[in-house]
Amino acid sequence: MNEPTNEQMKNEAKVKQDICEIGRKVYEKGFGAANDGNISVRLSSNEIWITPTGVSKGALQPDMLVKVNLLGEVLEGELRPTSEMKMHLKVYEMRPDIGGIVHVHPPYATAFAIAGLPLDAATLPESVVLLGTIPVAKYATPSTQALPESIAPHVMNHQGVLLENHGALTWGKDIQSAYYLMESLEFTAKINWIARQMNGTRQLSIERVKELVALREKMGLQGETPTGVICPPGMDVCFPSEHATTPAQPLTVKIDEQQMEEIITRVTKAVISQLQPPAK
């Protein structure tokens, strides 16, 4: 095995320092309590640095980090890697373009995850452009193989997921990008939660979303955009379609007053059902 060059050693030292810095940021922002969360950075095609188990993200030191390969085998480090390492490895395996991953439990985003509600409403221009849609990955017990399997369907077309009853996960070209996506995710969740309390979860019109999608494509950003909306003719607001999985199209047929009332009633029931807690 070849000895690392001075440049490689400097690069690894910076990577480890970056992980510790992000760890302090997420801890100070209240994105996790005690030892919650884990962070990783891809070092090469087959090596990553990842946070250890049982250590607060706010107390991380470079010598605590663990280097592993994509098989999960420890290459360097005295501590054990996070028990949720398999989730990180799955993203790196599926997305060679990804350089950093952040998993934490930000309160508002985690509340949406517990409620099983995706962040897919076209409410904020910034979230449409920079974040895209954030789906909910089905619940899987942490540290088990079921966890990476639960996120796999979402990795290619999104920049992050809500982990049902667990937390949130974001990935990016580098660790800074992954962290800022997590900040945006939590901010979007908070704004949407506040708007729900005001019964004000109006979505952008399809025309406005199309403009934002064009801007997103111009910026070279990946991932799906939240376009599942209903915009009834004659109304200046849009509503979320019921469990939309494909982009909704503008309604072009003529709708009479009775049909309009039926649409409003159906949409209102759909919104209220999302605001109410599930029956025990």
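Residue-wise test of (1) on the phi < 0 side of the Ramachandran plot; (2) touching a residue at least 12 places away in the same chain (Cβ under 8 Å).
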{"residue": "PRO4", "(1), (2)": "yes, no"}
{"residue": "LYS10", "(1), (2)": "yes, no"}
{"residue": "VAL15", "(1), (2)": "yes, yes"}
{"residue": "GLY23", "(1), (2)": "yes, yes"}
{"residue": "VAL26", "(1), (2)": "yes, yes"}
{"residue": "GLY30", "(1), (2)": "no, yes"}
{"residue": "VAL41", "(1), (2)": "yes, yes"}
Hey, ILE19 open to solvent by less than 40 Å² (accessible area, probe 1.4 Å), under 16 Å from LYS173 (Cα atoms) and in a strand (DSSP E or B) or not:
no
Mind counting the residues in region 30-50 that are in contact with a helix residue (DSSP H, G or I) (Cβ under 8 Å, 6 or more places away or on another chain) and under 20 Å from ALA168 (Cβ atoms)?
13
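Which residues, taken from region 57-95, are in a strand (DSSP E or B), open to solvent by 50 Å² or more (accessible area, probe 1.4 Å) and under 12 Å from ASN38 (Cβ atoms)? Lay out the reasoning, then the answer.
Just the residues of region 57-95 that are in a strand (DSSP E or B), to begin with: 66-69, 74-76, 81.
This time we only want the ones that are open to solvent by 50 Å² or more (accessible area, probe 1.4 Å), so: 74-76.
Selection gives nothing.
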Anything in region 96-108 that is assigned to a loop (DSSP other than H, G, I, E, B) and either farther than 16 Å from ILE39 by Cβ or not β-branched (Val, Ile, Thr) (or both)? List them, or say none.
PRO96, ASP97, GLY99, HIS105, PRO106
Exactly one of (1) among the β-branched types (Val, Ile, Thr); (2) farther than 26 Å from ILE50 by Cα; (3) at pLDDT 90 or above is unmet by THR123. Its number?
(3)
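Listed here are the residues, each with its yes/no results for (1) out of contact with any strand residue (DSSP E or B) (no Cβ under 7 Å at 6 or more places or on another chain); (2) assigned to a loop (DSSP other than H, G, I, E, B); (3) at pLDDT below 95.
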| residue | (1), (2), (3) |
| --- | --- |
| THR110 | no, no, no |
| VAL129 | yes, no, yes |
| THR141 | yes, yes, yes |
| ILE151 | no, no, no |
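The values are calculated or read from the model by the stated rules, or taken from the named source; none is laboratory data. On a predicted model such as this, the values are computed, not experimentally measured, just so you know. With ideal geometry, Cβ positions are generated from the backbone for all residues, glycine too; neighbour counts draw on all protein chains shown. For accessibility, only protein heavy atoms count, side chains too; no ligands or nucleic acids. Shrake-Rupley method; radii C 1.70, N 1.55, O 1.52, S 1.80 Å.
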